[in-house]
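Student: Structure below; questions to follow.
The values are calculated or read from the model by the stated rules, or taken from the named source; none is laboratory data. Please read these numbers as outputs of a predicted model, since none were measured by experiment. Virtual Cβ from ideal backbone geometry, glycine too; neighbours counted across all protein chains shown.
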Amino acid sequence: MQAYWLEVGFGAGEHLAAQAAANPDIGLIGAEPFIAGVAACLSEVDRAGLANVRIHADDARPLMAAMPEGSIARAFVLQPDPWRKRRHRERRLIGPEGLDALARVLADGAELRISTDHAGYQVWMLRWLQADRRFEWQARRADDWRLPTEDWPETRYVAKAAREGRPVIYLRFVRRARGA
């Protein structure tokens, strides 16, 4: 494998499988704690004959803690649970602890792709990521966060948000070089 990409909370695995099919020389690692999502993803991986996918059927945090520093070339956090209740916000992946874990496993120059349709989480994510000097936002114009890149496959969560009139933001950040 040329490199390894990590998807945290892959849902039913549509995005993970599409990325694996489009990038056969990349190793895709997916973490998902919900068994129904894991089963759906494994079915698609098997159906498509994808040999470059590995699944961690649990929370991504212990997995990231076990990974070598700088071992991931791209990470995806797509439509994460926004943990709407104030008392649950510390569970949000995009926050101090989650960003520490992501910054540790991402290689210098690695891309972090994030999306959400939850307005409150959009503000939260941007606030934490823009304050974190380890990450640089790649947006140069509004369409850079309003529209996905060509290689960003749509998922059922994005389709549902569109049907319900909730705009999705597509954030791309790059891991700055350590010590810079």
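Student: When the range 132-156 is examined, which residues are found to be surrounded by 12 or more Cβ atoms within 10 Å (Cβ to Cβ) and either of a type in the set (Val, Ile, Thr) or in contact with a His (Cβ under 9 Å, 6 or more places away or on another chain) (or both)?
Tutor: Hits for the range 132-156 are Trp152, Pro153, Glu154, Thr155.
Student: Just to verify a result, which residue in the range 160-170, among those that are surrounded by 11 or more Cβ atoms within 10 Å (Cβ to Cβ) and among the small types (Gly, Ala, Ser), is nearest to the chain's Cα centre (by Cα)?
Tutor: Ala161
Student: State all residues of the range 22-42 that are modelled with pLDDT under 95 and of a type in the set (A, V, I, L, M, F, W, C); if no residue qualifies, say none.
Tutor: Answer for the range 22-42, where residues must be modelled with pLDDT under 95 and of a type in the set (A, V, I, L, M, F, W, C): just Phe34.
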